[in-house]
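Data block below; observations after.
The values are calculated or read from the model by the stated rules, or taken from the named source; none is laboratory data. The shown structure was predicted, so the numbers you read here are calculated from the model rather than taken from an experiment. We place every Cβ from the backbone using ideal geometry, glycine too, and count neighbours over all the protein chains shown. The area values use the complete protein model at the heavy-atom level, side chains included, leaving out ligands, DNA and RNA. Shrake-Rupley method; radii C 1.70, N 1.55, O 1.52, S 1.80 Å.
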Amino acid sequence: MKVLVVGNGGREHTIAHVLLQSEQVERVFCIPGNGGTAINPRCQNFAFAATDFAAIARVVSTHGISLVVVGPEAPLAVGIVDFLRDRHIPAFGPTQAGAQIEASKSWAKDLMFEAGVPTAASATFTELAAAKAYLQQTGAPIVVKADGLAAGKGVTVAMTLEEAIAAVEAILGGQFGSAGSSLVIEEFMEGREVSVLALTDGRTVRPLIPAQDHKRIGEGDTGPNTGGMGTYAPAPLVTPELMARIETEVLQPTVAALAARGIDYRGVLYAGLMITPEGDPRVVEFNCRFGDPETQVVLPLLETPLHELLLACVEQRLGDLPPIAWKPGAAGCVVVAAQGYPGSFAKGTAISGLEAAEATGAMVFHAGTRLVRGNGNGSDRLVSDGGRVLGVTAIGADFDAAFATVYEAIAAIDYPDKAYRRDIGYQVRQQPWDHLPLPNAAASGTADNPPTST
Ligand code: AMP
Ligand code: GLY
């Protein structure tokens, strides 16, 4: 079969790579794809925007594609799956109505309260005076979120009242455009964060192995938030008992509540969870897609062919499949970013040494890269094209082995702007990071953190 992957990040390169592990998948087309999918002889990029639905439908019919997999939230939030389904094109991902679970924080909170899903107490505001008056009552720490999609930049974890008020003023003052015409003020939750991505066909829910992201740019979880600097899976924080609770207390009631609203949700339901010091799961946010860079560690551990799972979601027969099979061992991913990210950074810097990196046994998933075509004879050049440039991933017998391979591979990469965290997976590795405070403890302070960046 031929599959089309929509998106251009590390997540999409990983999806393409894992799909191609199966002999059943002969070719993967990408819109727009990146340098990694450009290099792979079994992939083909088309330089259309992920929101150019008409171009996507044309590529599907021209190339006899039997499944479209949508990576990012933006096309889902504007109805790509509705458009494709109307044209009888099988598409993996929720409809526009379902994507509201990520695209509107207030909508998602209403759904959670309705379904009895554990999450932070919250209130929604459109008026500055009312929001400020509420903050005077709650005090800090407190969390302020732009309601709509703000490319991960709309959340402020405020340690002081002044910071919270500044965030409210920025959001309602138009800093995020229409994404900030309303906002959510939310109770601060303490604990450890973990991502549980689940597949669903709207009826059955099948969680994938849990993953841990590292959102801060700096070692020891310091500095500004990013789109994610590294991941590992399966996260031992989520014991089988805790996973069972996440299924029954979070995932199943959410899918049931979506169905009760008449929403036919087929795709990934990504639960960003806070595991409280008491060991209880509470939802920080839902996303309507695979996580990035969680995908880079979760999908390579799949034993079950990915296309079988995705098709079963689209065709609403996930419940008929045997349990998802996983490879033994552990996976780690370290993001190689451009120096300066999440602030300003250079693009167009040459990258080489990827064969040497992969000779260690690691997989190099591209995120912000671009292939500049030369005039034949190996004159193509790979250059950086984003803040998060590569996601270097390895599978090992344990986390120490996986990360040893990852860091060896990174050392082999020749990219002058390369910046990365050396402590990814410190929670599960024999590294001297154990003295560091809980990533999300109130005492760790976030007062000088600029907003999140992708
Ligand atoms: P979100 O975009 O909703 O995932 O928020 C971005 C980050 O802000 C999360 O990954 C958490 O680290 C933090 N955060 C969001 N909501 C809360 C909350 N209610 N309590 C504590 N931290 C939060
Ligand atoms: N890794 C965080 C996200 O995908 O939203």
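Inside region 349-366, can you point out the residues that are touching a residue at least 60 places away in the same chain (Cβ under 8 Å) and either open to solvent by less than 20 Å² (accessible area, probe 1.4 Å) or more than 20 Å from the chain's Cα centre (by Cα) (or both)?
Here is the first cut: in region 349-366, the ones touching a residue at least 60 places away in the same chain (Cβ under 8 Å) are 349-353, 363-366.
Once the filter is applied, which keeps residues that are touching a residue at least 60 places away in the same chain (Cβ under 8 Å) and either open to solvent by less than 20 Å² (accessible area, probe 1.4 Å) or more than 20 Å from the chain's Cα centre (by Cα) (or both), region 349-366 yields Thr349, Ala350, Ile351, Ser352, Gly353, Val364, Phe365, His366.
Restricted to region 63-74, and to residues that are aliphatic (A, V, I, L, M) and within 25 Å of Lys153 (Cβ to Cβ), which residue is most open to solvent (accessible area, probe 1.4 Å)? The extreme case among them is Ala74. Taken as a whole, the structure leaves Ala244 outside the set of residues that are in contact (Cβ under 8 Å) with a residue 60 or more places away in the chain, farther than 29 Å from Tyr341 by Cβ, in a helix (DSSP H, G or I) and more than 16 Å from ligand 1 (Cβ to nearest atom). Take Arg85 and decide whether it is more than 16 Å from ligand 2 (Cβ to nearest atom) and closer than 24 Å to Val205 by Cβ. So Arg85 fits the description; yes. The C-beta contact set for region 101-117 (first residue aliphatic (A, V, I, L, M), second residue in a loop (DSSP other than H, G, I, E, B), distance under 6 angstrom, 6+ apart or interchain) comprises Ile101/Cys288; Ala103/Leu149. Evaluating Ala412 against the criteria (1) out of contact with any helix residue (DSSP H, G or I) (no Cβ under 7 Å at 6 or more places or on another chain); (2) in contact (Cβ under 8 Å) with a residue 24 or more places away in the chain; (3) open to solvent by 30 Å² or more (accessible area, probe 1.4 Å); (4) of a type in the set (Gly, Ala, Ser) leaves one unmet condition, (1).
Figure legend. Inter-residue proximity from region 121-144: first residues more than 22 Å from Trp107 (Cβ to Cβ), second residues in a loop (DSSP other than H, G, I, E, B) and of a type in the set (A, V, I, L, M), beta-carbon distance below 6 Å, spacing 6+ or different chains. Indicated pairs: Ala140/Met159; Pro141/Met159.
What's the total number of residues in region 75-127 that are surrounded by 24 or more Cβ atoms within 10 Å (Cβ to Cβ) and more than 24 Å from the chain's Cα centre (by Cα)? Count: 0.
Within region 289-348, can you find the residues that are charged (D, E, K, R) and touching a residue at least 12 places away in the same chain (Cβ under 8 Å)?
At the first step, the residues of region 289-348 found to be charged (D, E, K, R) are 289, 292, 294, 303, 308, 315, 317, 320, 327, 347.
Those that are charged (D, E, K, R) and touching a residue at least 12 places away in the same chain (Cβ under 8 Å): Arg289, Asp292, Glu294, Glu303, Glu308, Glu315, Arg317, Lys327, Lys347.
Taken over region 188-209, the criterion of being assigned to a loop (DSSP other than H, G, I, E, B), away from ligand 1 (no atom under 12 Å from the Cβ) and open to solvent by 10 Å² or more (accessible area, probe 1.4 Å) is satisfied by Gly202, Arg203, Thr204, Ile209. Only one of the numbered conditions (1) among the small types (Gly, Ala, Ser); (2) more than 16 Å from ligand 1 (Cβ to nearest atom); (3) crowded, with 18+ Cβ neighbours inside 10 Å is not met by Gly180, and that is (2). Selection of region 281-303 for residues being farther than 23 Å from Gly368 by Cβ and either buried (at least 23 other Cβ atoms within 10 Å of the Cβ) or within 14 Å of ligand 1 (Cβ to nearest atom) (or both) yields Pro281, Arg282, Val283, Val284, Glu285, Phe286. Residues in region 221-278 that are among the acidic types (Asp, Glu), open to solvent by 60 Å² or more (accessible area, probe 1.4 Å) and touching a helix residue (DSSP H, G or I) at 6+ places or on another chain (Cβ under 8 Å): none.
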